[in-house]
Amino acid sequence: MSAEIRPQPGVMEIALYEGGQATVDGVSDVVKLSSNENPFGPSAAAIDAFRNAAQQLHRYPPTDHASLRCAIAEVHGLDPDRVICGVGSDEIIAFLCQAYAGEGDEVIHTEHGFAMYRISTLAAGATPVEVKERERVTDVEAILAACTDRTKLVFIANPNNPTGTMIGGNEVARLAAGLPPQTLLVLDGAYAEYVDGFDGGVGLVDARDNVVMTRTFSKLYGLGGLRIGWGYGPKPVIDVLNRIRGPFNLSCAQLDAAEAAMRDRDYAEKCRAENARLRAWLAESLAELGVPSDTSCANFILARFADADEAGACDAHLKSRGLIVRRVAGYNLPHCLRITIGDEAACRRVADAVAEFKGRAT
C-alpha cells in the first residue's frame, strides 16, 4: 500500500475492542458471565415483536424512530423531541465525539471508565485525558482540575463499568456546574435501571444546557444482540447529533423489539428485583470467602483479589468449571474479576467454585 494512504490521526492508537469470552475449549455446560447480559433474556413481548417484524423485512425502517422515542418518553417522563436512538449507546457516544471533539480538543474520562470513551475520542481525532478515581469511585474534584480550555466532553458512567460504583446527584450537579462553558457532560446510564428510584440524570439534563445522558437496551432489557441505545439532551445538541446520524441506523426489528421491551414494565421490574437479590447474595458469599467487592449498583460485581496473579489463577479455575467471567486488567484493574450476576444456579456455581479455589467449603 502506498505510504501516502494513511488513516486519520489517532486511529492507529485504538486497540481493537475485545468482547467478553463466550466459550472454553474442552469444557461443556459453560455459563457466560463476562458481558453483563440479562440471564433471563428479553421479555416475551419483545420476542413477539421481533418475530412479527420478519414480515416487513423488505421495507425500509422509519427514519425518525417516532414510535420508539414516544415509548421511551412516556415511560421516563421525557420530551420525545429530545430523544435520539442509536445502534447501542456506543453509537450515541461516537456521535457526541464526532460532533463536538476534533483535532486539538480534549475529552475526559476516568481511569476505570468504559473503553468506548477513549476509542470514540481517538476516532474523532481528539485527545483522550484519563483522570484518576478515588478508590474506584468517580472523583469530581480530579475531573474539574483536569479541565482546560480544550476540554469539549466529559464522560462518566453512573453507575460505572467495571467498578459498579456511582456518585450521588449532588456530586453530578456540582460537576456539571463547574465545567468550562464549552464542555458537555455526558452521563452514561447503561446500568441506571438497576438503581431503584434513579432517573439516570434526567432532572439535571432538564435543568441545564450542558448535560446529555445515554441509555441502552442491552442490559436490563436483554437486547444486547440487537444493539439498541438512546440518548436524551438539550434540543440543540440532539438536533446536531441527528444531522450525523444515518437515516436508517435502526431496523424495524430493532425498533419494534425495543418499544415492546420498554413498555413491558412488569418484566423489567422482575429482572431488576432478581438482580438486586442475587447481587447481594453473591457479594456477601464471596466476601465471606475473603474476596471483597465495592457495593455494586449494576448487574455485576467487581471481585478483588490480593494481586494480579491470584485474580488470574481464580479466573483459570472458574473457566475449568465452565464459568466465564471478565478479566479487567485493560481497565487498570489487574487484580480484579468482573462477574455478571447470572440466575440463581449460576451465582451458586460461582460461589462454590471460588470456595473451591480458596480451599474452603461453602
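The values are calculated or read from the model by the stated rules, or taken from the named source; none is laboratory data. The model shown is predicted, which means the values in this text are computed figures rather than measured ones. When we count neighbours, we look across all protein chains shown, and the Cβ atoms used for this are built from the backbone with ideal geometry, even at glycine.
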Exercise for the section: Would you check if Phe300 is buried (at least 19 other Cβ atoms within 10 Å of the Cβ), without any contact (Cβ under 8 Å) to a residue 40 or more places away in the chain and touching a strand residue (DSSP E or B) at 6+ places or on another chain (Cβ under 9 Å)? Expected result: no
Exercise for the section: Output the residues belonging to segment 114-132 that are of a type in the set (Asp, Glu) and crowded, with 19+ Cβ neighbours inside 10 Å. Expected result: none
Exercise for the section: Considering each of Glu91, Glu103, Glu111 in turn, give the residue that is surrounded by fewer than 15 Cβ atoms within 10 Å (Cβ to Cβ), out of contact with any Leu (no Cβ under 8 Å at 6 or more places or on another chain) and in the same structural domain as Asp209 (by TED's automatic domain parsing). Expected result: Glu103
Handout entry: Condition check for Tyr267: among the aromatic types (Phe, Trp, Tyr) and in a helix (DSSP H, G or I)
Key = yes
Exercise for the section: Name the one entry in Leu278, Leu286, Leu333 that is closer than 27 Å to Gly189 by Cα and in contact with a Cys (Cβ under 6 Å, 6 or more places away or on another chain). Expected result: Leu278
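Would you be able to tell me the number of residues in segment 310-343 that are touching a Pro at 6+ places or on another chain (Cβ under 9 Å) and more than 12 Å from Thr163 (Cβ to Cβ)? I'd like the intermediate steps shown before the answer.
First pass over segment 310-343, keeping only residues touching a Pro at 6+ places or on another chain (Cβ under 9 Å): 311-312, 326-328, 331, 333, 336, 338, 340-343.
Right, trim to more than 12 Å from Thr163 (Cβ to Cβ) and you get 311-312, 326-327, 340-343.
The number of residues fulfilling the criteria is 8.
Checking the condition in the same structural domain as Ile228 (by TED's automatic domain parsing), assigned to a loop (DSSP other than H, G, I, E, B) and either buried (at least 19 other Cβ atoms within 10 Å of the Cβ) or touching an Asp or Glu at 6+ places or on another chain (Cβ under 7 Å) (or both), which residue from Leu250, Leu333, Leu255 passes?
On the way: Leu333 fails: in the same structural domain as Ile228 (by TED's automatic domain parsing); Leu255 fails: assigned to a loop (DSSP other than H, G, I, E, B).
From the options Leu250, Leu333, Leu255, the qualifying one is Leu250.
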Practice task
Kindly indicate whether Thr216 is β-branched (Val, Ile, Thr), closer than 25 Å to Leu122 by Cα and in contact with a Lys or Arg (Cβ under 6 Å, 6 or more places away or on another chain).
Solution key: no
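List the helices (runs of 4 or more DSSP H) inside segment 89-192, counting only whole elements, that have at least 2 residues being within 18 Å of the chain's Cα centre (by Cα).
Details: elements: 115-123, 140-146, 169-178.
Answer list for segment 89-192: 115-123.
Sort through Leu226, Leu241 and tell me the only one that's farther than 18 Å from Ala298 by Cα, assigned to a helix (DSSP H, G or I) and among the hydrophobic types (A, V, I, L, M, F, W, C).
Numbers: Leu226 fails: assigned to a helix (DSSP H, G or I).
None of the others qualify; the one that does is Leu241.
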Handout entry: Pairs where the first residue, in segment 270-292, is farther than 21 Å from Phe357 by Cα and the second is among the basic types (Lys, Arg) and loosely packed, with under 13 Cβ neighbours inside 10 Å, C-beta under 7 Å, 6+ apart
Key = none
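Is it the case that segment 325-339 has a residue that's small (Gly, Ala, Ser) and free of Cβ contacts under 8 Å to residues at least 24 places away in the same chain? Break it down stepwise before answering.
As a first pass, look at segment 325-339 and keep what is small (Gly, Ala, Ser): 329-330.
Imposing the further condition that a residue be free of Cβ contacts under 8 Å to residues at least 24 places away in the same chain reduces the set to 329.
So far as segment 325-339 goes, yes, one or more of its residues are small (Gly, Ala, Ser) and free of Cβ contacts under 8 Å to residues at least 24 places away in the same chain.
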